Each structure stands twice: as C-alpha cells, then as structure tokens.
Amino acid sequence: MQIRHGQLAVLAPNYVDKLQIDQFVALKQQWIKTHLQRQADVAVVPDYLTQQQLPLLDEQLQLKIVPDHHNAASREGMTLWVQVSNRVKAENQRAKVLQLLQTWYTEQAQIWFNERVVHWQQQMAVTVTAVEIKNWKQKWGSCSTTGVVSFNWRLMLAPVWVADYVVVHELAHRRHMDHSPAFWQFLTLFYPQAKEARAWFVKYQQSLVLR
C-alpha cells in the first residue's frame, strides 16, 4: 500500500483477486487513516517569491526584486534586495532570482553555522576540523570521521531552535559516530528539545525550499 498526495494505491500481483485485496485493505483501515491524516497535517510549501516574504531563521524579510545592470542580492535592514540584470530573458528571470537567493542564503549559512559550531563545541567539549555548507535535497547535516561537519543551507529557512538542533546533533557524532542510546543520551544532555525538533522536521521539512 502506498499513500501519495492524499490517495491510496494498492499494488498486488496479477494472480491476487479483488476480494483478497479488499479484505487486506479492510484489515489495514487504521494504518490508512493514520497515514492519510499525517499527510493532511503536513504544511503546504509556501511560494515565497509570490508572497514576497522570505524567512531567515527567526526573521521575516521583505523581498524586493528590481531590474538593474547586474545580478546581485543584498540585505538592507529587513529588506532583501535582488537585482536582476536587464540582460536576463523574461522566461529565465525566476530561475535567476532563485539562483541569486540560494547563493545569498549559502553565504549567510556559512557565517551562522560557523558561529553556532564554535558555541556548541565549547559547550560539548568536542572539536571539528571544518564547517561546510551543502546543497542537499533532503539531508540536513553530516559529520565525517575526520571532523568535518556539514549543513544544508536550507536550514536558514527554519526556526533557530530547529537549525541549532542539527548543529548539536552533528557535533554529538564527534563523541558517538552512530545513533546508539549513548549518542541520544549525550545529545539530549545538551539539547533537551531534540524530540520536538525531530517532530518538526517530520511535519515541516518540505517547506524548507525556495520557490
């Protein structure tokens, strides 16, 4: 059984008759209801460009897109200005805006995660060798055996307490390179809201995308 976009699909071999399928579905009614409700509770992905509002951790920035002689993105107070070159064709402008925004968010992510790693590694008595920013589609963070911690720039669209959880999670791997009970105990020692942060990702992670 698969549930996608609020619809149930049942996959079965050709030799299974419909009565057997119906009986199987009847037995799984509670599972179906639970997962349908879970999808219904999932947040809708915002169209930030149309709304002209962009989240930056706990802030909301006003997006202003203006024509110019060159391409650039810069913040002025609570306004994020995106300048699009007149040479960019109309049909390519949205893609160019998204590209400029991604570059800008990546730069902000490098600054913010550098600061948070310094803060938390002092608290947790661990060390790292480098902080890198990635453009993953689903993954939010990683920690290598050599001490390189990496974070998805899209976490800049999440609340601070959620992004901070990912920092603590990856730094906890500097003590335990697994997800053993010892790892979770060490993590929750420094971040008691870990369970709530994981629940937040289940419900809202698909909203961490620019469009």
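Looking only at the range 132-160, residues that are β-branched (Val, Ile, Thr), exposed (fewer than 12 other Cβ atoms within 10 Å of the Cβ) and within 17 Å of the chain's Cα centre (by Cα) come to 0 in all. A Cβ distance below 9 Å, combined with a sequence gap of six or more or placement on separate chains, defines the contacts here; from the range 162-181, residues that are not assigned by TED's automatic domain parsing to the domain that holds Phe113 reach no residue that is surrounded by fewer than 21 Cβ atoms within 10 Å (Cβ to Cβ) and assigned to a helix (DSSP H, G or I).
Does Val82 count as at pLDDT below 95, over 15 Å from Leu61 (Cβ atoms) and either touching an Asp or Glu at 6+ places or on another chain (Cβ under 7 Å) or not assigned by TED's automatic domain parsing to the domain that holds Thr188 (or both)? So Val82 does not fit the description; no. Screening Ala9 with (1) farther than 24 Å from Val202 by Cβ; (2) at pLDDT below 85 gives one miss only, at (1). Listed conditions (1) farther than 23 Å from Lys195 by Cα; (2) buried (at least 21 other Cβ atoms within 10 Å of the Cβ) are all met by Phe113, apart from (1).
Counting the residues of the range 74-86 that are of a type outside the set (Ser, Thr, Tyr) and loosely packed, with under 15 Cβ neighbours inside 10 Å gives 5. Number of residues in the range 170-194 that are out of contact with any Phe, Trp or Tyr (no Cβ under 8 Å at 6 or more places or on another chain), assigned to a helix (DSSP H, G or I) and surrounded by 12 or more Cβ atoms within 10 Å (Cβ to Cβ): the value is 7. Applying the set (1) of a type in the set (A, V, I, L, M); (2) assigned to a helix (DSSP H, G or I); (3) closer than 28 Å to Tyr48 by Cβ to Leu210 leaves exactly one unmet item: (2). Here Val128 meets the list (1) surrounded by 18 or more Cβ atoms within 10 Å (Cβ to Cβ); (2) of a type outside the set (Gly, Ala, Ser); (3) in a helix (DSSP H, G or I) almost entirely, failing just condition (3). When the range 108-131 is filtered for residues that are within 16 Å of the chain's Cα centre (by Cα) and of a type outside the set (Gly, Ala, Ser), the ones remaining, listed by number, are Gln108, Gln110, Trp112, Phe113. From the list Lys89, Lys64, the one residue that fits, being farther than 15 Å from Leu208 by Cβ, exposed (fewer than 10 other Cβ atoms within 10 Å of the Cβ) and among the basic types (Lys, Arg), is Lys89. Restricted to the range 44-125, the set of strands (runs of 3 or more DSSP E) holding at least 2 residues that are more than 26 Å from His169 (Cβ to Cβ) comprises 59-68, 72-76, 79-85.
The values are calculated or read from the model by the stated rules, or taken from the named source; none is laboratory data. Since the model is a prediction, treat every value here as computed from it, not as a measurement. As a convention, Cβ positions derive from the backbone with ideal geometry for all residues, glycine included, and neighbour counts pool all protein chains shown.
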